Amino acid sequence: MSRDQKHSPAPGRRSDTKIALACAAGAVVMVGMAYAAVPLYQMFCQVTGLGGTTQRAEKPSDVVLDRKVTVRFDANVSPKLGWKFEPVQRTVEANIGENVLVFYRATNISDKTIKGTATFNVAPDAAGLYFSKIECFCFTEQTLAAGESVEMPVSFYVDPALVTDPESSRLKEITLSYTFYPVADGVTGGQASVQSSKKSNPS
């Protein structure tokens, strides 16, 4: 037996090493994909309006149509958040393309400062692709001191492109829904679940 034969690793060991390295590389890729999945999914929802995900706009629409749509406002609060949360007005009727400014009111009814974040969606789901928000309290976390009450703005319009969509062109009502959670729960602002959007907050 030659010296090289004595010191070279056995074929079985080389194979085991390759398998181990492949598994480790696969694990790294899977972890990376898991971290990327959430923002990619959120991006996909916004592009398609999936699940009632709304759009974000930089400025009001340049076109206002002579056709009205009723927008209803829904408010929900996690049982873990010591806040009262409600829309200042329950409905508004506006022309499609018209920029609308409404307010929601949040009150910290606990005895301590609490930070909250809001998830959101619209119903029916098909309206998400055409519901554009310019300003919204849901874009950032909100902090309320004990007993503090604030009115938080939402500036939006319904995109005139809605009337050219065969599935959405006949919509006459849209419901904008928010659910507030404590930031400590690890919830980030974004698309609300269908289940949470259907729960009504007692006013």
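Once the mean 1/r over all distinct Cα pairs of the range 119-188 is inverted, what Kirkwood radius in angstroms do you read off? That comes to 14.1 Å for the range 119-188. Among the listed pairs K59/K115; K84/K112; K133/K172; K84/K133, those with a Cα-Cα distance over 21 Å are K59/K115; K84/K133.
Scalar couplings 3J(HN,Hα) for the range 126-135, obtained by applying the Karplus form with A = 6.51, B = -1.76, C = 1.60 to θ = phi - 60°, are 4, 6, x, 5, 10, 9, 10, 9, 8, 9 Hz; x denotes Gly and Pro. Give me the one-decimal nm value for the distance between modelled label points at R170 and L65, 7 Å along each residue's Cα-to-Cβ direction. About 1.5 nm separates the two model spin labels. Structural descriptor for the range 102-193: relative contact order 45 percent, calculated from alpha carbon pairs under 8 angstrom and at least 6 residues apart. Take the Cβ atoms of T113 and E58, set R0 to 22 Å, and the FRET efficiency comes out at 0.10. Under 13 Å of direct C-alpha separation, and excluding same-chain neighbours fewer than eight residues apart, K68 reaches these aspartates and glutamates: E93, E98, D159, E173.
Every number here is computed from the coordinates shown, using simple stated rules; none is lab data. Computed from a prediction, not measured in an experiment: that's the story for all the values here. When we count neighbours, we look across all protein chains shown, and the Cβ atoms used for this are built from the backbone with ideal geometry, even at glycine.
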